[in-house]
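Peer 1: The structure is given below, and queries will be raised subsequently.
The values are calculated or read from the model by the stated rules, or taken from the named source; none is laboratory data. Quantities reported herein were computed from a predicted structural model and do not represent experimental measurements. Cβ atoms come from the backbone with ideal geometry, glycine included; neighbour counts cover every protein chain shown. Surface areas here come from the heavy atoms of the whole protein model, side chains and all, with no ligands, DNA or RNA. Shrake-Rupley method; radii C 1.70, N 1.55, O 1.52, S 1.80 Å.
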Amino acid sequence: DTRVHDPYDISPEEKRELKEDILPYWENKYAVSDVWFKRCPPETIERVTGQNVCEQSIIRENSISHYLPPYTYLFQVGFEGIRKEAEERLAKVDLTDPEGLEKANFYRAAILCCEGMELIGRRYADLARKMAREEKDAQRRKELEQIAEICDRVPAKPPRTFWEALQFFAFVQIFSHIEGTGPSHSPGRFDQYMYPFYKKDIDEGRLTREQAQELLECCWIKMSEIAWFMSDPAAYYFAGYGPFMNLCVGGQLPDGRDGTNELTYLVIDAIMETRTYQPTVSIRWWERTPAELKKKASELIAMGMGHPSNFMDEVGIQMCLNRGYTLEEAKNWAPIGCVEPGVEGMQYGLTNSGQLNMGAMVELVLTNGVHRKTGKKLGLETGDPRNFKTFDEFKEAVKKQISFFIHHLVIANLCAEKLHAELAPTPFQSILTFDCMEKGKDVTVGGARINVGPTFVAIGVADIGNSLAAIKKFVYDDKIITMDELCKALDADFEGYEPLRQRLLNEAPKYGNDDDYVDLLVVEMMDHFAKE
């Protein structure tokens, strides 16, 4: 509760429980992160932990989340339906088959997850009834009785009304975070799978627009209670507690029509009213996006909350086609977490399993691989930069540093991924991922239809471009300073070199200004990153 980034306000009783019961229980047991430190090569551990050159704790401290639950399918079958399918498949498993035992274990885990979802509904129903009996306010008592009736049904059975569907949705989002602490259990195209319930209720007089918005606002508050639990290094990079539940509205439908509907606007109105940070709202833009939605999105942007994120439909569709989706499937895409495109229930893989600091790649060339803060030889020895005769030589040295750290990130990720399969399967996520049930396989061992990653991301893209452009212009093209002068100024952190710092700051080309001098350098480095 005293740390700088994302402190947690934990009660004395919770602290006692953690210190006396939970943490001692797990000590020297098979937690993924603990075992990772024992199995990963020491030279890799040194480069991907605690240096702010690479950061890789997400994949070893969290479940490999990043998925879109298949709400369209879930609303059709309920968890009773999934449980019955798992029971039928378990009964047919041939235990003399070498893979039979693993399949049987998977189906037993699936059944337990479904029973858990059915039980959680009943528990909430019991609690609501108890609260109703004790409630003196007649209106609130009626609400609690309605809640009890709804939780008697969902998530065990398919929802019939908007309120039931919304309660079902909330249970799935909460349970996903109970199974694994990872981020980005994303709602996907909320205004599509929820709209039929909304329209039916409106048409049949069970619901008004105002009541629907109030329910949405209650749900947004509930989603904002879910905090992503992180270590210090991860909280430094992802401050704000956000679990990145990306909810998408708008965009085209598989049949070519625009998908905007009345619920699209209700989602935005509910966010504008509550000003919650979860779920994060995204909008799919295409040539037929209504002017009214553009205006509404602009009003939301002007509020300064970071909503919505804006995505171009044709780009998301093409990325999904590149991953093996059909065109019809790809048109139903939604962003997962921050920016990753996917289709509900279809794919598995953490696409943010580490960060590579691209700006540090330039610095490590300037120091011949030495980490400035620790003095350790952390990077590759690419030679004294003063001896580089051309800028091309300098660029090649930067590429070598990028390749070197990517090499270690891949090793670190593979080690963590294998440990997840061995120690931390995710059966709940698996029953929400298509093909796992048919294969009898958890997502961690290849059950998903489409597998993506784990991969990592480049951060400091503008930094590497600006750094290279400044060196190219000042040292090699215009010869304003020598490499020796630049290195001395950097070693001194520009103390005594303020005029040079000002010239580098104000006269060197900067990324983001449509200037090919720097933009093409960024393209070259990102191409190398991607290929490597």
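Peer 1: Just wondering, is there one or more residues in region 25-32 that are surrounded by 12 or more Cβ atoms within 10 Å (Cβ to Cβ) and touching a helix residue (DSSP H, G or I) at 6+ places or on another chain (Cβ under 7 Å)? Talk me through it step by step, then tell me what you get.
Peer 2: Filtering region 25-32 for residues surrounded by 12 or more Cβ atoms within 10 Å (Cβ to Cβ) gives 31-32.
With touching a helix residue (DSSP H, G or I) at 6+ places or on another chain (Cβ under 7 Å) added as a condition, the list becomes 32.
Within region 25-32 (the criterion being surrounded by 12 or more Cβ atoms within 10 Å (Cβ to Cβ) and touching a helix residue (DSSP H, G or I) at 6+ places or on another chain (Cβ under 7 Å)), the answer is yes, since at least one residue qualifies.
Peer 1: Something else: If you check D527, D519, which single one turns out to be of a type in the set (D, E), touching a residue at least 40 places away in the same chain (Cβ under 8 Å) and in a helix (DSSP H, G or I)? Break it down stepwise before answering.
Peer 2: Working: D527 fails: touching a residue at least 40 places away in the same chain (Cβ under 8 Å).
Every option except D519 fails the conditions.
Peer 1: State yes or no: is S65 in contact with a His (Cβ under 6 Å, 6 or more places away or on another chain) and on the phi < 0 side of the Ramachandran plot? So that I can check it myself, show each step before the final result.
Peer 2: Details: in contact with a His (Cβ under 6 Å, 6 or more places away or on another chain): yes; on the phi < 0 side of the Ramachandran plot: yes.
Yes; evaluated as a whole, the condition is true for this residue.
Peer 1: While we're looking at this one, here's another question. Of the conditions (1) in a helix (DSSP H, G or I); (2) open to solvent by 10 Å² or more (accessible area, probe 1.4 Å), F169 fails just one. Which one is it?
Peer 2: If we test F169 against (1) in a helix (DSSP H, G or I); (2) open to solvent by 10 Å² or more (accessible area, probe 1.4 Å), just (2) comes out false.
Peer 1: Looking at (1) out of contact with any helix residue (DSSP H, G or I) (no Cβ under 9 Å at 6 or more places or on another chain); (2) at pLDDT 95 or above; (3) of a type outside the set (S, T, Y), which one does Q213 not meet, given that it meets all the others?
Peer 2: (1) is the only condition that Q213 fails.
Peer 1: Now for a separate question. Just a yes or no: is a residue in region 175-190 farther than 20 Å from N246 by Cα and open to solvent by 10 Å² or more (accessible area, probe 1.4 Å)? Don't jump to the end; show me each part of the working.
Peer 2: Within region 175-190, the subset farther than 20 Å from N246 by Cα is none.
There is no residue in region 175-190 that is farther than 20 Å from N246 by Cα and open to solvent by 10 Å² or more (accessible area, probe 1.4 Å).
Peer 1: Restricting attention to region 202-209, does a residue exist that is surrounded by 21 or more Cβ atoms within 10 Å (Cβ to Cβ) and either part of a helix (DSSP H, G or I) or of a type outside the set (D, E, K, R) (or both)? Break it down stepwise before answering.
Peer 2: Residues of region 202-209 surrounded by 21 or more Cβ atoms within 10 Å (Cβ to Cβ): none.
No, region 202-209 contains no residue that is surrounded by 21 or more Cβ atoms within 10 Å (Cβ to Cβ) and either part of a helix (DSSP H, G or I) or of a type outside the set (D, E, K, R) (or both).
Peer 1: Right, next: For region 60-91, what are the residues that are within 17 Å of F106 (Cβ to Cβ), assigned to a helix (DSSP H, G or I) and in contact (Cβ under 8 Å) with a residue 12 or more places away in the chain?
Peer 2: F79, I82, R83, E85, A86, E87, R89, L90
Peer 1: Residue check: is G188 within 14 Å of the chain's Cα centre (by Cα) and small (G, A, S)?
Peer 2: Working: within 14 Å of the chain's Cα centre (by Cα): yes; small (G, A, S): yes.
It is true that G188 is within 14 Å of the chain's Cα centre (by Cα) and small (G, A, S).
Peer 1: Still on this structure, please answer the following. Which of the residues that make up region 505-516 are part of a helix (DSSP H, G or I) and touching a Lys or Arg at 6+ places or on another chain (Cβ under 9 Å)? Steps first, answer last, please.
Peer 2: Applying the first criterion (part of a helix (DSSP H, G or I)) to region 505-516 yields 505-507, 516.
Within region 505-516, E507 is the sole residue that qualifies.
Peer 1: Might you let me know whether region 278-291 holds any residue that is open to solvent by less than 60 Å² (accessible area, probe 1.4 Å), touching a residue at least 60 places away in the same chain (Cβ under 8 Å) and of a type outside the set (S, T, N, Q)?
Peer 2: Step one: list which residues in region 278-291 are open to solvent by less than 60 Å² (accessible area, probe 1.4 Å), which gives 278-286, 289-290.
The next check asks that each one be touching a residue at least 60 places away in the same chain (Cβ under 8 Å); those that pass are 279.
Within this subset, residues satisfying the condition of being of a type outside the set (S, T, N, Q) are 279.
Checked against the condition, which is being open to solvent by less than 60 Å² (accessible area, probe 1.4 Å), touching a residue at least 60 places away in the same chain (Cβ under 8 Å) and of a type outside the set (S, T, N, Q), region 278-291 yields at least one hit.
Peer 1: Okay, moving on. Quick check on region 482-501: of everything there that is part of a helix (DSSP H, G or I) and open to solvent by 40 Å² or more (accessible area, probe 1.4 Å), which residue is nearest to T390 (Cα to Cα)?
Peer 2: D484
Okay, residues lined up against (1) assigned to a helix (DSSP H, G or I); (2) farther than 30 Å from K441 by Cα:
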residue	(1), (2)
E115	yes, no
Y124	yes, yes
M131	yes, yes
E149	yes, yes
A156	no, no
P159	no, no
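Peer 1: If the requirement is being without any contact (Cβ under 8 Å) to a residue 12 or more places away in the chain, exposed (fewer than 10 other Cβ atoms within 10 Å of the Cβ), out of contact with any helix residue (DSSP H, G or I) (no Cβ under 6 Å at 6 or more places or on another chain) and assigned to a helix (DSSP H, G or I), which of these qualifies: E13, E17? It would help to see each step written out before you state the result.
Peer 2: Details: E17 fails: exposed (fewer than 10 other Cβ atoms within 10 Å of the Cβ).
Among E13, E17, only E13 is without any contact (Cβ under 8 Å) to a residue 12 or more places away in the chain, exposed (fewer than 10 other Cβ atoms within 10 Å of the Cβ), out of contact with any helix residue (DSSP H, G or I) (no Cβ under 6 Å at 6 or more places or on another chain) and assigned to a helix (DSSP H, G or I).
Peer 1: How many residues are surrounded by fewer than 23 Cβ atoms within 10 Å (Cβ to Cβ), more than 22 Å from Q429 (Cα to Cα) and touching a residue at least 40 places away in the same chain (Cβ under 8 Å) if we restrict to region 133-162?
Peer 2: Number satisfying all stated conditions: 1.
Peer 1: Another question, if that's okay. Considering only region 441-481, state which residues are open to solvent by less than 20 Å² (accessible area, probe 1.4 Å) and charged (D, E, K, R).
Peer 2: Selection gives D442 alone.
Peer 1: Among the listed residues T264, T181, which satisfies the condition of being assigned to a loop (DSSP other than H, G, I, E, B), within 25 Å of the chain's Cα centre (by Cα) and at negative phi? Please lay out each step first, then the result.
Peer 2: Values: T264 fails: assigned to a loop (DSSP other than H, G, I, E, B).
Only one candidate passes the filter, namely T181.
Peer 1: Sticking with this structure for a sec: Which one of the conditions (1) out of contact with any strand residue (DSSP E or B) (no Cβ under 8 Å at 6 or more places or on another chain); (2) in contact (Cβ under 8 Å) with a residue 24 or more places away in the chain does F456 fail to meet, given that it meets all the rest?
Peer 2: (1)
Peer 1: Can I ask one more? Being touching a Gly at 6+ places or on another chain (Cβ under 9 Å), on the phi > 0 side of the Ramachandran plot and not aromatic (F, W, Y) is the filter here; which residues of region 229-261 pass it? So that I can check it myself, show each step before the final result.
Peer 2: Step one: filter region 229-261 for residues touching a Gly at 6+ places or on another chain (Cβ under 9 Å), giving 233, 243-253, 258-260.
Filter again for on the phi > 0 side of the Ramachandran plot, leaving 244, 250-251.
If the condition is that a residue be touching a Gly at 6+ places or on another chain (Cβ under 9 Å), on the phi > 0 side of the Ramachandran plot and not aromatic (F, W, Y), then G250, G251 are the ones that fit.
Peer 1: When the residues of region 33-59 are narrowed to those that are open to solvent by less than 20 Å² (accessible area, probe 1.4 Å) and not in a helix (DSSP H, G or I), which ends up farthest from N352 (Cα to Cα)?
Peer 2: Restricting attention to region 33-59, the residues satisfying the condition of being open to solvent by less than 20 Å² (accessible area, probe 1.4 Å) are 35-36, 40, 44, 48, 53-59.
Next, only the ones that are not in a helix (DSSP H, G or I) stay: 40, 53-56.
Numbers: C40: 19, V53: 15, C54: 12, E55: 10, Q56: 9 Å.
Within region 33-59, the match that is farthest from N352 (Cα to Cα) is C40.
Peer 1: Tell me the helices (runs of 4 or more DSSP H) entirely within region 296-404 that contain at least 3 residues that are touching a residue at least 24 places away in the same chain (Cβ under 8 Å) and surrounded by 23 or more Cβ atoms within 10 Å (Cβ to Cβ).
Peer 2: Hits in region 296-404: 358-366.
Peer 1: When you look at F529, is it at pLDDT below 95, surrounded by 15 or more Cβ atoms within 10 Å (Cβ to Cβ), under 29 Å from the mean Cα position of the chain (by Cα) and within 24 Å of H371 (Cβ to Cβ), yes or no? Please lay out each step first, then the result.
Peer 2: Numbers: at pLDDT below 95: no; surrounded by 15 or more Cβ atoms within 10 Å (Cβ to Cβ): yes; under 29 Å from the mean Cα position of the chain (by Cα): yes; within 24 Å of H371 (Cβ to Cβ): yes.
In short, no.
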